[in-house]
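*Asks:* Structure provided below as structure tokens; questions to follow.
What follows draws every value from the coordinates through simple rules; no lab data is involved. Predicted, not measured: the structure shown is a model, and the values here were computed from it. No Cβ is skipped: glycine too gets one built from the backbone with ideal geometry, and neighbour counts run over all protein chains shown.
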Amino acid sequence: MRKIVYTSFMALALSASACTVAEVQRTMDGVLAGTNGTPLTRDEVASGLKQALEVGIKSGSDQAAQTDGYYRNPLIRIPFPEDVQRVENTLRQVGLGNEVDKFVLTLNRGAEDAAKSAVPIFVSAIKQMTIADAWAILRGDKDAATQYLKRTTSQQLYTAFNPVMVKSLEKTNATRYYTDIVNQYNKIPLTQKVDPNLDAYATQKAIDGLFLLVAQEELNIRENPFARTTELLRRVFTKENQS
């Protein structure tokens, strides 16, 4: 997860050189030996992973919630809705490009405002993680933690995000701008009418952006040894890199 993740996932995170399957397995088999001769329990290993996830989730969500966190990030910037792309194209052709740009800005401002509500939902899922979940993540792909959070939080996120997003879109005037734009478009002769409903699109796009940031944090944590901010994480991941 997490992103939405500033302290490492304790698997496969082995600096710049590529590792063979055997090397990765030796790392996983040796991690419980601990550091300085002090064994690490499986509970400690799972706790270390949870700490990493919580820190990373907060980092990713904080990035998204900043001013321009969505709007100036080309990877997660929310565009004009794809299913009504013809609206944008037509409006630009008739000289209403500024109105479209204003809407896109307020749409992303709404996502940035709503992103603040993500952290408690993610943290709740992390706290429910079992030791088996933790080890599956550690032995999994480079985005295994992100995929875990997607499986366990997507519906919660949508349910929590939707009303927050609706309020945020109203606060930034994105809903009004979008409705005005679509209504103007629907008045153009010979055009196919479109539905001005925006909420579901904005909610899903905001969530997608959060998960993308979480995946970036996960990859960084797996590869960056400098984000281990607690003693437990240092013990777990120092041993990992020594194995």
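*Asks:* It is to be established whether one or more residues within the stretch 112-124 are outside any helix (DSSP H, G or I) and either over 19 Å from the mean Cα position of the chain (by Cα) or of a type in the set (A, V, I, L, M, F, W, C) (or both).
*Replies:* There is no residue in the stretch 112-124 that is outside any helix (DSSP H, G or I) and either over 19 Å from the mean Cα position of the chain (by Cα) or of a type in the set (A, V, I, L, M, F, W, C) (or both).
*Asks:* Quick check on this structure: which one of GLN184, GLN192, GLN156 is under 17 Å from the mean Cα position of the chain (by Cα) and surrounded by fewer than 22 Cβ atoms within 10 Å (Cβ to Cβ)? Walk me through it before giving the result.
*Replies:* Numbers: GLN184 fails: under 17 Å from the mean Cα position of the chain (by Cα); GLN192 fails: under 17 Å from the mean Cα position of the chain (by Cα).
The unique qualifying residue is GLN156.
*Asks:* Check the stretch 54-73 and report whether any residue there is under 30 Å from ILE188 (Cα atoms) and outside any helix (DSSP H, G or I).
*Replies:* yes
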